[in-house]
Amino acid sequence: MAQQHPPAAANANANAPSLLDLTIDNITPNTIRINSQSPDARLTYVMARLVTHLHDFARETRLSTDEWMAAIGFLIGCGKICTDVRNEFILLSDVLGLSLLVDSINHPKPEGSTEGSVLGPFHTHDAPILANGASMTSDPEGEPMLALCTVKDTQGNPVAGVHVDIWETDSSGHYDVQHADRDAPSERCVMVSDEEGRFWFRGIKPVSYPIPHDGPVGKLLQMLKRHCWRPAHVHFMFGKEGWDKLVTALYLRGDPYAESDAVFGVKQSLVVDLEKVDKATAEKYGVAEGSWLLRQDFVLTTQHETEKLRDKLATEALQKLGLNLKLVDHLPVPDLD
């Protein structure tokens, strides 16, 4: 018996374009047309731009079948190596500079506020909430470091009740999740700023370390003749309702990889000098005199401040590109009015 096919209208939108006789030249507009049936204007716009640039890339490079298959294999490899504590796709985004670009677009910083940096692939959600002054390290080999920090707004007022995620590597240059025998979080914690916007903790002096290079991203860096090292740093992430989320890091001045960070995270304003704890500070905070001291004043922006600046910069950028777009929920969509 011959196979019975259902009517075309039952399978697809009756208004969908016919996709016949596609060529190198007409595949792009036809793909965009078939993708333009969703009522979600933002999704339609994003897919149109993605298809446009993806197809143009293939045409401009005259992408070969072997290269195309190699790229697919590369992405499959990234997926296979991902775990709950290792995200190869974030690492890929980092080394391509995309992570920093997206953060800069979405979280622009008014003058005087703390700049953002990359999240990296090793943030976790199991860090313990510790009281001010507590130690977040269990590494006896690390050089002790006291961090004295404040959180303020752009007017210099303290911001209380901010949840601050903090994480760094151990003295061997590994995050806790990179150790097979990890049974509890280490070199990471969450603190809450007090009424004066202060938080302080005991950790260790950060060290330079290589990003994971035993997977597809590491092989890519090797092919590109790029090193896999990050300069010494401590990660911070700030969150409080009504305030723009800040993901940042502080980098030690003089680190040999500060100007060639494998994931493009270093900004001049985030480079800091460490001091040494004097006698009075040692007695006040209960740490050893002569240990390392990190001082930093972080400046947050309100969600409204950031959204206003983001909209302004987006409008200016779209006008320069000559695109007829409008902003809906702070995101550009085609302006069809």
(Q) Can you tell me which condition residue 111 does not meet? The list is (1) assigned by TED's automatic domain parsing to the domain that holds residue 238; (2) crowded, with 16+ Cβ neighbours inside 10 Å; (3) of a type outside the set (A, V, I, L, M), and all the others hold. (A) (2)
Q.
Against the condition under 18 Å from the mean Cα position of the chain (by Cα), loosely packed, with under 14 Cβ neighbours inside 10 Å and in a helix (DSSP H, G or I), how does residue 50 come out, does it pass?
A. no
**Q.** Number of the exception - residue 137 against (1) over 20 Å from residue 274 (Cα atoms); (2) part of a loop (DSSP other than H, G, I, E, B)
**A.** (1)
Q. What tally of residues in region 284-337 results from selecting those that are in contact with a Leu (Cβ under 9 Å, 6 or more places away or on another chain) and acidic (Asp, Glu)?
A. 2
Q: Given the conditions (1) loosely packed, with under 13 Cβ neighbours inside 10 Å; (2) touching a residue at least 12 places away in the same chain (Cβ under 8 Å), report the number of the one that residue 243 does not fulfil.
A: (1)
Q. Which ones in region 10-23 are part of a loop (DSSP other than H, G, I, E, B) and either closer than 24 Å to residue 45 by Cβ or modelled with pLDDT under 90 (or both)?
A. 12, 13, 14, 15, 16, 17, 18, 19, 20, 21, 22
Q: For residue 193, state whether it is among the polar types (S, T, N, Q) and under 15 Å from residue 136 (Cβ atoms).
A: no
**Q.** Single match in 333, 328 (criterion: over 30 Å from residue 193 (Cβ atoms), at pLDDT below 95, in contact with a Phe, Trp or Tyr (Cβ under 6 Å, 6 or more places away or on another chain) and not assigned by TED's automatic domain parsing to the domain that holds residue 269)
**A.** 333
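The values are calculated or read from the model by the stated rules, or taken from the named source; none is laboratory data. Predicted model only: the values in this text are computed from it and were never measured. Virtual Cβ from ideal backbone geometry, glycine too; neighbours counted across all protein chains shown.
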